[in-house]
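Student: Let me begin by handing over the structure; questions about it come next.
The values are calculated or read from the model by the stated rules, or taken from the named source; none is laboratory data. Remember, it's a predicted structure, so these values are computed and weren't measured experimentally. All Cβ positions, glycine included, derive from the backbone under ideal geometry; neighbour counts span all protein chains shown.
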Amino acid sequence: SSMLAAVKTVSTLPVSADPTDLYPAEVLFSPDGLFAYVSVRDATDAKRDAIAIFRVSSSAAQKSTSIASASVMPTIDLVGSIQTGHYPRSMALDPTGRVLVVAEQKGSTVSTFHRNAKTGLLTASKHVMALPDSPAFVTVL
């Protein structure tokens with residue numbers, strides 16, 4: 001039988017941040033596998049909602065059936081974060097990997113971010129779409 005086992009736990013927050021009422025939601029990898037993006041939802045109205053940005057070592061980015069089967073444990077480092085609208089629930093990268101679209105459930109908005117392919121960092125665009133209802137899923141075709 002197959003079993004899952006934790007390989008590594010990495011915080012989505014800087015060491016000094018208070019994690020109370022913050023909840024990670026979705027994990028999304030860049031097309032090249034060198035960066036991971038995690039939506040962090042704030043259950044309060046403190047506006048701490050964000051996308052955490054991680055750099056993944058090349059050993060983990062290699063095409064493999066299992067990270068755990070790699071001979072070297074991957075290095076995953078938090079390299080930044082960017083504020084989003086309230087309660088980022090779902091994310092999707094466009095096919096080029098240059099634009100990240102985020103559905104913000106409690107904010108009833110969808111926001112877009114430009115992604116730097118070399119650094120993995122995100123920059124907020126001016127495109128925020130208000131919706132009449134709260135979005136729970138977004139995709140890009």
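Table: residues versus (1) surrounded by fewer than 19 Cβ atoms within 10 Å (Cβ to Cβ); (2) part of a strand (DSSP E or B); (3) modelled with pLDDT under 95.
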{"site": "MET73", "(1), (2), (3)": "yes, no, yes"}
{"site": "ASP77", "(1), (2), (3)": "yes, yes, yes"}
{"site": "SER90", "(1), (2), (3)": "no, yes, no"}
{"site": "HIS114", "(1), (2), (3)": "yes, yes, no"}
{"site": "ALA124", "(1), (2), (3)": "yes, yes, no"}
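Student: Turning to a different aspect of this structure: Among the residues of segment 94-128, how many are in contact with a strand residue (DSSP E or B) (Cβ under 7 Å, 6 or more places away or on another chain), free of Cβ contacts under 8 Å to residues at least 40 places away in the same chain and closer than 18 Å to VAL79 by Cα?
Tutor: So the count comes out to 2.
Student: Quick check on my filter: what residues within segment 1-55 are of a type in the set (Ser, Thr, Tyr), loosely packed, with under 14 Cβ neighbours inside 10 Å and either touching a residue at least 60 places away in the same chain (Cβ under 8 Å) or not in a loop (DSSP other than H, G, I, E, B) (or both)?
Tutor: Of all residues in segment 1-55, those of a type in the set (Ser, Thr, Tyr) come to 1-2, 9, 11-12, 16, 20, 23, 30, 37, 39, 44.
Filter once more, so that each one left must be loosely packed, with under 14 Cβ neighbours inside 10 Å: 1-2, 9, 11, 16, 20, 23, 44.
Answer for segment 1-55, where residues must be of a type in the set (Ser, Thr, Tyr), loosely packed, with under 14 Cβ neighbours inside 10 Å and either touching a residue at least 60 places away in the same chain (Cβ under 8 Å) or not in a loop (DSSP other than H, G, I, E, B) (or both): SER11, TYR23.
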